[in-house]
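For reference, the structure discussed in these notes is given below.
The values are calculated or read from the model by the stated rules, or taken from the named source; none is laboratory data. Just so we're clear, the structure is a prediction, and the values are computed from it rather than from any experiment. Positions of Cβ are generated from backbone atoms using ideal geometry, with glycine treated the same way; all protein chains shown enter the neighbour counts.
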Amino acid sequence: MQAGSWRSRKHLRRQHGKRRSGLLPLFFLVLIASAFSCSSQQTAIDRSLVRIGFFGDLSGPTYNYGESARNGVLMAAEEINQAGGINGHRIDVVFEDDKGSPEAAAQLTGRLIENYQVVAIIGAGASGNSLAAAPKAQVAKVPLIAPSSTNPAVTQVGDFIFRACYIDAFQGEVMAKFAANTLKARKAAVMLDFNSPYSRGLTDYFEYSFARLAGNIVAKQSYKQGDADYRGQLSAIKAANPDVIYIPGYYGDVALIAKQARQLGLDVPLLGADGWDAPELWELGGDALNDSYISNHYSADDPAPNIQKFVQDYRQRYRNLTPDAHAALAYDALRFLAEAIQRAGSTEGQKVRDALAGTKNFNGITGSISMDRDRNAVKSAVILKLLDTRYIYQETIQPESLPPAASRTVSPSP
């Protein structure tokens, strides 16, 4: 119906103007109140949940490590929640992608602590990223567990920093022992990523241990991650006529190095470490990787019932993917963190830290985990042979301080 049939248009305009001027302040008050309410909801923390942070390289040159670790954490969190959570509280994991960047890892650690108020953090895969993030966690007194960062310097940042893996000193020693004692090698060459703390650390410990076993380093060459041509370094290594070549790098570079080494006629065994462990290694390197050996944290072929259950559950959940060491280590990291929080009876940082430091003989997928005084996991390592896209178990090497394990069973989920 037309509103102006009994009022003049001028009067209507005057009355309409009054209504608008009266409604505007009310409108803005409602808008401000609504915005404040939304902001409060976005920053509110649900205290009924145990919120744990995760950061890893979910993209970038070593994205496979982050994806595998995320898969392991998600699987562990689901199992723990299905079993009743931690002291009756469900786990909520906040995931962040550091893109393989140390700077991003440090920034994301601050975000997880300040914005999400996480009670602990799992990260990262690469030692360089963990080293960048650890100081922020230490200052905030939020426990940080590095699943697969093997550089000893990571936990030396402070007493709130832990790891779920063994350190480079042991991993380098393991491969030196295997080269000297099992392969009977007396001359070794080394090809390292000079910009990587991981690669440099492993090189130092391999060289030291190999020398103690009467071995000689006859050639040493370096590269940087992402290089495309390694023929110059490999030609120099070939001229030294080594029995083995130690390449403690990451899978993307290693695959290309292996191809070029074989093209140059270098047919001696290539030796590596856990940085080789990724499905993409075979896609990139193919047959050039055959008859190489790596040190690693566990073997998916281990017949132990708990390990086979873990492998089958993982394959069922993730489209028949076989869990690599990064998945298994991250899975163990969340599980022994949850067990420590349960023992602490609290999510308060100092209490969780103390419980983590007191971890003894936690039976995980990657072995029996005990924290030493530097908060490193003391555990065994396995040697795997690479053949036709498979990682074939060769032997287990125990730390000298640990007796051989009679059996391995997983501790029950909290």
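Which members of region 132-153 meet the condition of being modelled with pLDDT under 95 and either part of a helix (DSSP H, G or I) or out of contact with any Lys or Arg (no Cβ under 9 Å at 6 or more places or on another chain) (or both)? Result: PRO152, ALA153.
Note on region 76-91: residues that are surrounded by fewer than 21 Cβ atoms within 10 Å (Cβ to Cβ) and closer than 19 Å to PRO147 by Cβ amount to 2.
Of all residues assigned to region 102-118, none qualifies as being crowded, with 20+ Cβ neighbours inside 10 Å, assigned to a helix (DSSP H, G or I), modelled with pLDDT under 95 and in contact with a strand residue (DSSP E or B) (Cβ under 8 Å, 6 or more places away or on another chain). Among the residues of this structure, ILE383 counts as one that is at pLDDT 90 or above and aliphatic (A, V, I, L, M). Restricting attention to region 210-239, the residues that are buried (at least 16 other Cβ atoms within 10 Å of the Cβ) and modelled with pLDDT under 95 add up to 1. Checked against (1) over 24 Å from ALA330 (Cα atoms); (2) in a helix (DSSP H, G or I); (3) touching a residue at least 40 places away in the same chain (Cβ under 8 Å), GLY226 meets all criteria but (2).
One line per residue, one yes/no per condition, for (1) part of a helix (DSSP H, G or I); (2) of a type in the set (D, E, K, R); (3) surrounded by fewer than 17 Cβ atoms within 10 Å (Cβ to Cβ):
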{"site": "LEU284", "(1), (2), (3)": "yes, no, no"}
{"site": "ALA288", "(1), (2), (3)": "yes, no, no"}
{"site": "ILE294", "(1), (2), (3)": "no, no, no"}
{"site": "ASP302", "(1), (2), (3)": "no, yes, no"}
{"site": "ASN306", "(1), (2), (3)": "yes, no, yes"}
{"site": "GLN312", "(1), (2), (3)": "yes, no, yes"}
{"site": "ARG319", "(1), (2), (3)": "no, yes, yes"}
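Can you find a residue in region 183-190 that is aliphatic (A, V, I, L, M), touching a Leu at 6+ places or on another chain (Cβ under 6 Å) and in a loop (DSSP other than H, G, I, E, B)? No: zero hits.
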